[in-house]
Structures are given as structure tokens and as C-alpha cells.
């Protein structure tokens, strides 16, 4: 995906409509710093929480990103327990705001409030990011529901309508054959969905011996994207696959992969990203993995200032081959909570995804750990699938060490066929007692 449309979006969002050239990295950084100072001053004046949290900070004293990094971080508890205290609009106006809520698969749901202007900014971002994946007159097939004013399916439909493309929302993947038939009927050139669902759909296509020549691109979003899923979708569908990172806290849009596939370009005007050392909130240098911390400098209803997302990632150093001034987030995003202790050995969902999705014939899986037993519930094709899964676990993950020491038992339950065994649109996790 050529990032030229994103650079045009960047100029518009920065108010540089009449400027001929794309802003440089230095110009963008200076603009960001000014917006960060603005949002700190705005939040101190209008939010009960920030009046206390930022009470000792003089916005005029913030003259560098190092100064900004001295502001204490927000934890996820504020969005779970009392998000209303972050509001910078009168409480009686809160009813007119759009509420985005997380699935709560890793704890209590988190709630963020967005103004109509915030949601329009997301739609505008989707317009530009999607304009190189689907063209005027073409169809994007979306494996998400459309209900609700803040639903991704509805936002994408409005975004694509701006340049004459169409969105067909199929809803959550439940019946693979029905989804494939629906996609064929629409003659879609682009598919948008979760990695787990696109993996299952690709296997279903392969099982039926169908080659969907009309599909040019796939956008994988909503959850972490395992490398083996990208490779399988590319191989089966014969198209380019792009990754997207976002969450309700970022207003859904966050970063998207470009044509050279050398990282995901950040939505820099609306989501300022820092990578910090875990537990300290001290910024890491580019290239080093740490916790992703975000600030939403353009949001006025409920801004987030140095909010700890619980996602691990890193900024890729240097400039992209595509020439965009937008910084790049590494595609290897992982959630900090997606780790369990197997009798002293850490097992991450990231490692499980990379190991198990590489197993030939695996369509989908879920994981449960209780009473020193790791259970894998899988669906796929092949009589030896259970043994392949066991071998992958023992060779490619920390399960091998724990199992060799007799600390962990393995149970693998395989159901033949192409179907989902995950939690719908809930983000995949390791279930524990």
C-alpha cells in the first residue's frame, strides 16, 4: 500500500492544505510537541481528574519531549473504574458522546468517550488508509458486524463511500462456507477481518479448491497478527496482506502497514506513541521493545495523556522506504497480560500463535491452563494434527522445558474441519482458572 494517501491525510490533519510538500519528520515533531502542550493545558482546565493529576505541571514549561515524558502515566484502571473523571466536557453533555468499550477478555471492560468530531477524524483516517486497498466501484468484504454508531463496520462503510467504494458487512465468522459464498457473491476485491477468522477462511477456500482471483488485498486487524497467518493468507488468496494496530483507546485507528511492509505507520496527529521501559514509564530509544504509551493530542472530550496500553512494541528506527515522515510501529505487537507461569517458565500467547499457526492444517485454536495442565482445543485438517501440535509446542515454545521437567501436562483435543474455536471478536487469550 503506497503511503502517499496517508501523507495527504497528514497534511490535511496538520492544517497544511495549501502546502505543496509533505512535512518533514522535524516539522511533524515540532507540531506534535505544540499539540501536546495544548492538550495538557486543556485537560488541566476542564477535567476533574487531570486537575489533580497535572496540577503541579505548568504547560508552558514543556519545551521538549523529554519534558513531556516527566508527566506521570495513566493506568488502565482509570478507564475501567471511573472514566467519567477524565471528561473535559460537562457531565450532562456526556450522553451526547460516543462510547467505545473493550471486550473485557483480559479483565473488566474499559470505556472511552468520543465526540462526534473524534469519530469523524477516525472515519477520515479510515478513508485514506483504505483508499489504496480498495478502489472506486469495488467492494470490501468486512468480517465484522455493522450495528451501532461506533462499530468498525459502519465506520468503514462511511469511509469508503467517500471515494465511491462499497462495504459489505458479513458479521462475525461463524459458518466458513457461508462466509466464502457470501464473499464470492459480492465479488469483493478486499477482505477486512481478524487474523484468526482470515486463517480459517483461507483454509476453507483451499479445501474447496477455489482460487479467488478477484481479491487484491486483505487487512488484518483487531487482534495481534501472527506471521504464519500472514503467510498463509498471502499464499492461498494470492494477494497482499496488510496489518493494522488499534484499540478503543486510540479511537480504533492507530497504525497501518505500508506497501514495502516495513512496519506500521502511526496515526501520528491523533495518537502520539511513546515506548517506555515496563514499570518505569521512562522512554526507550527507538528499536527497543517496551510498553506502548499513548497520548491523544487532538481529542477534546476525553483526552488520554501518557496512557499505558498494556501492549508491548517498538518504534522502528530510521525512515521507511516509502518516504513517509510518519514513524513506524513494529508489526510484532504483544499484550503484556498474555503470559502465564508454567511452574516457573513463562509462556506467552505471542509464542503460541507463532508456533501453532505455523502447523500445516491448523485452522483455529484456543488455550486453557489450569492445575498444571495446558489444554489446546484445535480445529483443522489432517489425521496427524494432534501430533504436529504437540511437536510444535515442545520444540518452539517454553512448554517443552516445563514438560521435560514434569511440571506441565499436555492435553490436545482436535476436531476435524474448518471452523472457529475462539471467542468471536473477543481478543484471543490464555484462559486460566
Expected unfolding gain across residue 337-residue 431 under the 0.36 nm per residue rule, minus the alpha-carbon gap, is 32.7 nm
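Considering only the chain, what is the antiparallel percent among its DSSP beta bridges, to the nearest 5?
If I count the DSSP bridges inside the chain, around 60 percent turn out antiparallel.
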Simple SL model, points at 7 angstrom along Cα→Cβ for residue 61 and residue 108; separation in nm is 3.3 nm
Note to self: C-alpha centroids of the range 212-227 and the range 162-183 sit apart, in Å, by 13 Å
Rounded to the nearest 10, the angle in degrees between the Cα long axis of helix 385-396 and the longest principal axis of the Cα atoms of the chain comes to 50 degrees
To the nearest 0.05, the calculated FRET efficiency linking residue 407 and residue 82 through their beta-carbon distance, R0 being 56 Å, is 0.90
Taking alpha-carbon centroids only, the range 323-390 lies from the range 28-59 a number of Å equal to 40 Å
So residue 99 and residue 416, fully extended at 0.36 nm per residue minus their Cα-Cα distance, gain in nm 110.1 nm
FRET efficiency for residue 163 and residue 214 from the Cβ-Cβ distance with R0 = 25 Å, rounded to 0.05, comes out at 0.85
Using eta = 1.306 mPa s and T = 10 °C, Stokes-Einstein with Kirkwood Rh from Cα pairs puts D for the range 234-289, in µm² s⁻¹, at 119 µm²/s
The correct pair for the range 1-335, radius of gyration to one decimal and Dmax as a whole number, both in Å and from Cα atoms, is 19.9, 65
With only helices counted (DSSP H, runs n ≥ 4, each -39500 (n - 2.57)), the per-residue ellipticity at 222 nm for the chain, to the nearest 500, works out to -9000 deg cm²/dmol
Exposure-ranked with fewest Cβ neighbours within 10 Å first, 128, 245, 31 stand as 31, 128, 245
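Take every DSSP beta bridge whose two residues both sit in the range 339-432, then give the antiparallel share in percent to the nearest 5.
The antiparallel proportion sits near 50 percent.
When 262, 370, 202 are ordered from fewest to most other Cβ atoms inside 10 Å of their Cβ, what list results?
Ordered from fewest to most neighbouring Cβ atoms within 10 Å, 262, 370, 202 come out as 370, 262, 202.
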Length gained, residue 286-residue 8, 0.36 nm per residue minus C-alpha separation, equals 97.5 nm
The simple spin-label model distance between residue 34 and residue 178, using points 7 Å out along Cα→Cβ, in nm, is 5.3 nm
To the nearest 10 degrees, the tilt of helix 152-161 (Cα long axis) against the first principal axis of the alpha carbons of the chain is 70 degrees
Between the Cα axis of helix 227-237 and the main Cα principal axis of the chain, the angle (0 to 90°, nearest 10) is 70 degrees
Rounded to 0.05, the calculated FRET efficiency for the beta carbons of residue 19 and residue 207 at R₀ = 51 Å is 0.45
Relative contact order in percent for the chain (Cα pairs under 8 Å, 6+ apart) equals 15 percent
Fewest-first ordering of 375, 327 by Cβ atoms within 10 Å yields 375, 327
The range 339-432, Kirkwood Rh and Cα Rg, ratio Rg/Rh at 0.94
Taking a crude spin-label model, label points 7 Å out from Cα along the C-beta direction, the residue 346 to residue 52 distance in nm is 3.3 nm
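Each value in this text was obtained by applying a stated rule to the coordinates, not by laboratory testing. All values derive from a computational prediction rather than experimental measurement. A quick note on method: Cβ atoms are made from the backbone with ideal geometry, for glycine too, and the neighbour counts reach across all protein chains shown.
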